[in-house]
1. Considering every pair of different Cα atoms, what Kirkwood radius, in Å, is found for the stretch 22-61?
2. Per the Kirkwood treatment, what hydrodynamic radius in Å, one decimal, follows for the chain from the mean inverse distance over all distinct Cα pairs?
3. If packing is taken as the average count of other Cβ atoms within 10 Å, what order do 4-14, 27-37 fall into, highest mean first?
4. What Kirkwood hydrodynamic radius do you get for the stretch 38-78 when you take the inverse of the mean 1/r over all pairs of distinct Cα atoms, in Å?
5. Once both axes come from the Cα atoms, what is the angle between helix 67-76 and the longest principal axis of the chain, in degrees from 0 to 90, rounded to 10?
6. On C-alpha positions alone, give me the angle between the axis of helix 18-28 and the longest principal axis of the chain, in degrees, nearest 10.
7. Do you know the relative contact order of the chain, to the nearest whole percent, from alpha carbon pairs under 8 angstrom that are 6+ apart?
8. In nm, to one decimal, how far is the Ala20 label point from the Ala40 one, both placed 7 Å along Cα→Cβ?
Amino acid sequence: MFPRSIGDAHQICVVMGRDAADRLAAWAGGGSIDVPKQAARRARVLDLHSRGNLTNAQIALQTAYSERHVYRIISEERDDRQSSIFDLL
């Protein structure tokens, strides 16, 4: 359950700031909030891939994604240092 009031030392207040924490408590206080964890998992996939020493199958095992989804995440990440063939047209 999300707190109805948040003290200054509460982690939410520390991270978000007093005003935002108060507004969030007014909106969600007494209820629950589902926070998606996908961004952190996707970042972990990209971090493990950037190290270059794991296969997609190994990354999938470490992140609880399917191997196909790991491949999809990696292929969606575009390296801005590498020019595209369309940049040449």
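1. So the Kirkwood estimate lands at 12.7 Å.
2. Its Kirkwood hydrodynamic radius stands at 16.4 Å.
3. Final packing ranking: 4-14, 27-37.
4. Hydrodynamic radius (Kirkwood, Cα pairs) of the stretch 38-78 is 9.7 Å.
5. Around 90 degrees separate the two axes.
6. 90 degrees
7. Relative contact order comes out at 21 percent.
8. Spacing of the two 7 Å Cα→Cβ label points: 1.7 nm.
Readers should treat all values here as calculations from the given coordinates under stated rules, not as data from a laboratory. Being a predicted model, the structure only gives us computed values, none of them experimental. All Cβ positions, even for glycine, are placed from backbone atoms using ideal geometry, and neighbour counts span all protein chains on display.
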